[in-house]
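Novice: Here it is, the structure in full.
The values are calculated or read from the model by the stated rules, or taken from the named source; none is laboratory data. Because the structure is a prediction, the values reported are computed rather than measured. Here the Cβ positions follow ideal geometry from the backbone for every residue, glycine too, while neighbour counts run over all protein chains shown. Heads up: the accessible areas ignore ligands, DNA and RNA and are worked out on the full protein's heavy atoms, side chains in. Shrake-Rupley method; radii C 1.70, N 1.55, O 1.52, S 1.80 Å.
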Amino acid sequence: VGGSAAIRAGRVFVDEAGGRTRTGIALANPSDADASILLTLRDASGADLGRRTLALGPRRQTASFVSELFAGTPADLTGSLTFESSQPVAAITLRESLNAHGEPVYTTIPVADLNAAGSNEPAVFPHIATGGGYTTQVLLVNNDSRPMRGRITFVASNGQPLLVRLGPSTIVETAYEVPLEGAYRVELDGGPETAVGYAVVTPDAGNNTPSGTAIFRLKAGGELVTEAGVAAIRATTASRIFVDYLG
């Protein structure tokens, strides 16, 4: 769970597909005042499915699954959850999937700040994996005031185009369209051998870049073993990471 700045309005991807996945959101109010939070659930097309208000006291935290917040959530929902708060709150999304033993596996999904200035710079998912039991899901959320269009390009580690399977087709690039206040998901597969690389999200001219994450998943016998989320980032010339080899 990455650290996040407190914001007044955000949007997260909601994934309830397949009956073995559900999405939760955690909200923390670090201020000394009560926060009144309006939650809006929408499907992938951006259509409203429900609204409710959540009260969060000073220095309080809450975490709930979307299906707990909104009764009657469709079993195979793909969409978004938007929050608008009277006080800045810190938020993170947790997607829970069940592995072959029925045990929960958690992946964090970043929150789009709806008050942040938009950008049309391409975003990069630095690692994806397909084939040999691996699949990669690309999840995009519209954080703009209009539909968002562009393309996702797949690149192998050696810099050459990365061949991935999307349904019956083998591709190196796919177009995306994220409706206003909506969401987009595509799942990529590969051949018998594992192939790795990265993906680049490039918006069309006049469009901003959506918020997104990629989740690469390992399956055995059709059952989930584990998965990890990779947030979309912009390229940088200097960075530092934590290294842990304890034990």
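Novice: Could you tell me the center-to-center distance, by alpha carbons, between segment 182-227 and segment 1-37 in angstrom?
Specialist: 22 Å
Novice: Answer with one residue from Ala214, Ser97, Gly118: the one whose Cα lies farthest towards the positive end of the charge dipole of segment 92-247, charges on Cβ with Lys, Arg +1 and Asp, Glu -1.
Specialist: Farthest towards the positive pole: Gly118.
Novice: Counting other Cβ atoms within 10 Å, which GluC sites (Glu not before Pro) in segment 56-100 have at most 11 and lie in a DSSP loop? Write down the numbers at each step before the final one.
Specialist: On the way: sites: Glu68, Glu84, Glu96; in loops: none.
Loop-located and lightly packed - none at all.
Novice: Taking DSSP loops as anything outside H, G, I, E and B, show the longest stretch in the chain free of chymotrypsin sites (Phe, Trp or Tyr not before Pro) there with at most 16 other beta carbons within 10 Å. It would help to have the intermediate numbers written out before the result.
Specialist: On the way: sites that count: Phe242, Tyr245.
Formally, the longest exposed-site-free interval is 1-241.
Novice: Between Ser64 and Tyr245, what is the label-point separation in nm under the 7 Å Cα-to-beta-carbon projection?
Specialist: 4.6 nm
Novice: Taking θ as phi - 60°, what are the ³J(HN,Hα) couplings along segment 5-22 by the Karplus curve (6.51, -1.76, 1.60), each to the nearest whole Hz, with x for Gly and Pro?
Specialist: Karplus values, whole Hz, x for Gly and Pro: 6, 5, 9, 9, 8, x, 9, 10, 7, 10, 10, 10, 6, x, x, 10, 9, 8.
Novice: So what are segment 90-247's ellipsoid semi-axes, whole angstrom, largest first, if each one is the square root of 5 times an eigenvalue of the alpha-carbon gyration tensor? Intermediate results must be reported in sequence, preceding the final value.
Specialist: On the way: eigenvalues 124, 78, 58 Å².
Largest first, segment 90-247 gives 25, 20, 17 Å.
Novice: Please calculate how many Å² of accessible area the chain carries per residue, with a 1.4 Å probe and no DNA, RNA or ligand atoms counted. Before the final figure, lay out each step's value.
Specialist: Numbers: 12260 Å² over 247 residues.
Per residue, the chain has 50 Å² of solvent-accessible surface.
Novice: Taking all protein chains as present, what is the carbon and sulfur share of the accessible area of the chain, in % to the nearest whole number, probe 1.4 Å? Numbers along the way, then the final one.
Specialist: Working: 6270 of 12260 Å².
The nonpolar share, carbon plus sulfur, comes to 51 percent.
Novice: Something else now. Just Thr237, Thr62, Thr209 to compare: in a GNM of the chain, with alpha carbon springs under 10 Å, which one fluctuates most?
Specialist: Evaluated over the chain, the most mobile residue of the options is Thr237.
Novice: Considering amide H positions built from the backbone, and no H for Pro or chain starts, which residues 5 or more places from Ala228, or on another chain, come under 5 Å of its amide H?
Specialist: Phe216
Novice: Compute the distance in nm between two label points, each set 7 Å from the Cα along the Cα-to-Cβ direction, one at Arg146 and one at Asp189.
Specialist: With each label point 7 Å from Cα toward Cβ, the separation is 3.8 nm.
Novice: Between Gln87, Gln160, Gln137, which gets the highest mean-square fluctuation from a Gaussian network model of the chain, Cα cutoff 10 Å?
Specialist: Checking each option, the largest mean-square fluctuation is seen for Gln160.
Novice: Modelling each spin label as a point 7 Å along the Cα-to-Cβ direction, I'd like the Leu98/Asp32 distance in nm, to one decimal.
Specialist: About 4.7 nm separates the two model spin labels.
Novice: Considering the chain as a Gaussian network with a 10 Å cut-off on Cα pairs, which listed residue, Glu227, Glu193, Glu177, attains the greatest mean-square fluctuation?
Specialist: Glu193
Novice: Amide H of Gly182 versus every other amide H placed in the peptide plane: which residues, excluding those fewer than 5 positions away on the same chain, fall under 5 Å?
Specialist: Under 5 Å from the amide H of Gly182: Asn142.
Novice: Okay, next question. Could you pull out which residues in segment 32-51 have an amide N less than 16 Å from a spot 7 Å beyond the Cα of Leu180, following the Cα-Cβ vector?
Specialist: 42-49
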